[in-house]
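S.K.: Quick one: the structure is below, and I'll ask about it shortly.
The values are calculated or read from the model by the stated rules, or taken from the named source; none is laboratory data. As the structure is a computational prediction, the values presented were derived from the model and not from experiment. Here the Cβ positions follow ideal geometry from the backbone for every residue, glycine too, while neighbour counts run over all protein chains shown. For accessibility, only protein heavy atoms count, side chains too; no ligands or nucleic acids. Shrake-Rupley method; radii C 1.70, N 1.55, O 1.52, S 1.80 Å.
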Amino acid sequence: MSINISGYSIHLRNGVKFDRAYLKSQRSQNTEQKALHRDALEISQLANNREEILHKMKHTVMRSASSFSDMRAGILQEVKEEKGQYGYSDVVNACGLSYAKLYSEIEKRYENEQERYYNADGTLLTKEDEIEWLDTQYGQEVEWQKSCARIATQGQAFQGNIPEVPTKEIEELEDAFYQAKDTYMKQYHESKQTGRPLVLQNLVFGNSRIYEALDRLGSLQSFFNGNS
């Protein structure tokens, strides 16, 4: 005959006695198996979560507002150690080189298209996001340099140390910085083909008159170079 006990379908043959202890044992084993299966799933989920967290930590890009200026300052420090000082043309060249170096780091990160990178808040980061950030940093650097040059020359003109503020040349500084950026990006692309490293050049971009005016400020150099 067939009976049902607590959800278990039991079939008994004629003459077979019903063993309650055996049924209780079977139910206990089933419960334990379910618990073990649940625990195994939880452990597996924890392991997957741990791997995901470690992956995100390893692939989180920490971008600082000072990343660009720190790179530029380091390049200028090397020039200073080598030559004893640096001029404003070195500042413009250092900015162009800094952009190219940071750009190369971004490209290197995304060589493997399967890799994923993240912002500090855990959101997905793309190569386009990083290049946009770098462009913004460069634009802010250019505005900083123009502002510092303007303030420095205004102070020197007021004291009579220079005949006038070279307003036109200061405005042309923006073009010089972007010429430097384009030149060093061209060098970067060529370096990928030739294997030669990116290095600082002794190039003059734009009108050299503004460089001469700024270099004459001497002691104020650290001021308009962003205290680098």
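S.K.: Is it true that some residue in the stretch 127-139 is open to solvent by 70 Å² or more (accessible area, probe 1.4 Å) and more than 13 Å from the chain's Cα centre (by Cα)? Don't jump to the end; show me each part of the working.
M.R.: Here is the first cut: in the stretch 127-139, the residues open to solvent by 70 Å² or more (accessible area, probe 1.4 Å) are 128, 132.
Imposing the further condition that a residue be more than 13 Å from the chain's Cα centre (by Cα) reduces the set to none.
No: the stretch 127-139 contains no residue that is open to solvent by 70 Å² or more (accessible area, probe 1.4 Å) and more than 13 Å from the chain's Cα centre (by Cα).
S.K.: If you check residue 40 against the conditions, is it at pLDDT below 95, within 13 Å of the chain's Cα centre (by Cα) and not in a strand (DSSP E or B)?
M.R.: On the way: at pLDDT below 95: yes; within 13 Å of the chain's Cα centre (by Cα): no; not in a strand (DSSP E or B): yes.
Here the answer is no, as residue 40 does not meet what is asked.
S.K.: Another question about this same structure. Quickly run through the stretch 104-118 and pick out the residues that are of a type in the set (Asp, Glu) and either touching a strand residue (DSSP E or B) at 6+ places or on another chain (Cβ under 8 Å) or outside any helix (DSSP H, G or I) (or both). Walk me through it before giving the result.
M.R.: Filtering the stretch 104-118 for residues of a type in the set (Asp, Glu) gives 105, 107, 111, 113, 115.
Correct list: 111, 113, 115.
S.K.: Could you list, in sequence order, all residues of the stretch 65-88 that are more than 29 Å from residue 128 (Cα to Cα), in a helix (DSSP H, G or I) and open to solvent by 20 Å² or more (accessible area, probe 1.4 Å)?
M.R.: At the first step, the residues of the stretch 65-88 found to be more than 29 Å from residue 128 (Cα to Cα) are 77-88.
Filter once more, so that each one left must be in a helix (DSSP H, G or I): 77-83, 88.
Once the filter is applied, which keeps residues that are more than 29 Å from residue 128 (Cα to Cα), in a helix (DSSP H, G or I) and open to solvent by 20 Å² or more (accessible area, probe 1.4 Å), the stretch 65-88 yields 77, 78, 80, 81, 82, 83.
S.K.: Can you tell me how many residues in the stretch 120-158 are touching a residue at least 60 places away in the same chain (Cβ under 8 Å) and not in a helix (DSSP H, G or I)?
M.R.: The total comes to 3.
S.K.: In this structure, does residue 87 turn out to be among the small types (Gly, Ala, Ser) and within 19 Å of residue 215 (Cα to Cα)? Before you say what the answer is, go through the steps one by one.
M.R.: On the way: among the small types (Gly, Ala, Ser): yes; within 19 Å of residue 215 (Cα to Cα): yes.
Spelling it out, residue 87 is indeed among the small types (Gly, Ala, Ser) and within 19 Å of residue 215 (Cα to Cα).
S.K.: Here is a check on your reading of the model: is residue 177 assigned to a helix (DSSP H, G or I) and either touching an Asp or Glu at 6+ places or on another chain (Cβ under 8 Å) or open to solvent by less than 70 Å² (accessible area, probe 1.4 Å) (or both)? If you could, list the steps in order and put the result at the bottom.
M.R.: Details: assigned to a helix (DSSP H, G or I): yes; either touching an Asp or Glu at 6+ places or on another chain (Cβ under 8 Å) or open to solvent by less than 70 Å² (accessible area, probe 1.4 Å) (or both): yes.
It is true that residue 177 is assigned to a helix (DSSP H, G or I) and either touching an Asp or Glu at 6+ places or on another chain (Cβ under 8 Å) or open to solvent by less than 70 Å² (accessible area, probe 1.4 Å) (or both).
Results for (1) touching a strand residue (DSSP E or B) at 6+ places or on another chain (Cβ under 6 Å); (2) surrounded by fewer than 12 Cβ atoms within 10 Å (Cβ to Cβ); (3) closer than 28 Å to residue 104 by Cβ; (4) modelled with pLDDT under 90, shown as yes or no for each residue.
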residue: 156; (1), (2), (3), (4): no, no, no, yes
residue: 169; (1), (2), (3), (4): no, no, no, yes
residue: 181; (1), (2), (3), (4): no, no, yes, no
residue: 191; (1), (2), (3), (4): no, no, yes, no
residue: 196; (1), (2), (3), (4): no, yes, yes, yes
residue: 207; (1), (2), (3), (4): no, no, no, yes
